[in-house]
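Only one structure is covered here, and it is reproduced in the block below.
Readers should treat all values here as calculations from the given coordinates under stated rules, not as data from a laboratory. Remember, predicted model here, so these are calculated numbers, not experimental data. Here the Cβ positions follow ideal geometry from the backbone for every residue, glycine too, while neighbour counts run over all protein chains shown.
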Amino acid sequence: MMEKLRFDKMVAVAVAAVVAVTAMVVMGEDLHRVGGSKGWRPDVNYSDWFAHEKTVYVGDWLIFYFDKRYYNVLEVNKTSYEKCIDRDFIKNVTRGGRDVVHLTEPRAYYFLSSGGYCFHQMRVAINVVAKDERKDQPAPILATASPSAPSQYSASSTIMFTCIWIVLVNVVYVSLFSENY
């Protein structure tokens, strides 16, 4: 009986994972691992990494892999990015060393690590373009941060993705923690 219950829970988790991946594919969203296989650490040329990355669109996600004991991820403005200023950041993205950022607007995003690591190249600028722009245009390495109107895709994409995650979290929770399942 316990083996069947455990198997059923594993199937529910697997189905939830497939639904999540399918949702990302259907919505056309990509997950970009910052720094590629090197992850988020000092002395990696993130501008070079981004120059070789495919175009990043509204709705895509960034994932930062790093050792949270030493590093963090802060979203900052262009001036703070250029001067490695880690005060007055826009958002602290750091949660646990495997942190994701949903790119919801077509604009330049700037990230850095505090504690002096920015001076060791732990910073990256990501230019995000609207989904309706041509896919074969390369994204510039650095873009100016200018205000723009919100994309028609960002709100609906975010709402859809949020709804899917709520359903997935509930499915996983019920399958793992319900004794009557």
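Odds and ends about this structure:
- Here the label points at Arg69 and Trp49, each 7 Å from Cα along the C-beta direction, are separated by 2.1 nm in the simple model.
- Amide H contacts of Tyr57 (H built 1.01 Å from N, under 5 Å, at least 5 apart or other chain): Val129
- Per-residue HN-Hα couplings for segment 48-63 [Karplus 6.51, -1.76, 1.60; θ = phi - 60°; Hz; x = Gly/Pro]: 5, 4, 5, 4, 9, 6, 5, 4, 9, 10, 4, x, 6, 10, 10, 10
- Taking θ as phi - 60° and the Karplus parameters 6.51, -1.76 and 1.60, the scalar couplings of segment 65-75 work out to 9, 7, 8, 5, 5, 10, 10, 8, 10, 10, 8 Hz in sequence order, x denoting glycine and proline.
- Amide H to amide H, with H built 1.01 Å from N, His32 comes under 5 Å of Trp61, Leu62, Ile63, counting only residues 5 or more places away or on other chains.
- Residues with amide H under 5 Å from that of Thr94, placed H, sequence gap 5 or more: Val73
- Gained length - Asp88 relative to Lys38, 0.36 nm times residue gap less alpha-carbon distance: 15.2 nm
- Descending by average beta-carbon neighbour count within 10 Å, the peptides 91-99, 115-123 line up as 115-123, 91-99, the highest first.
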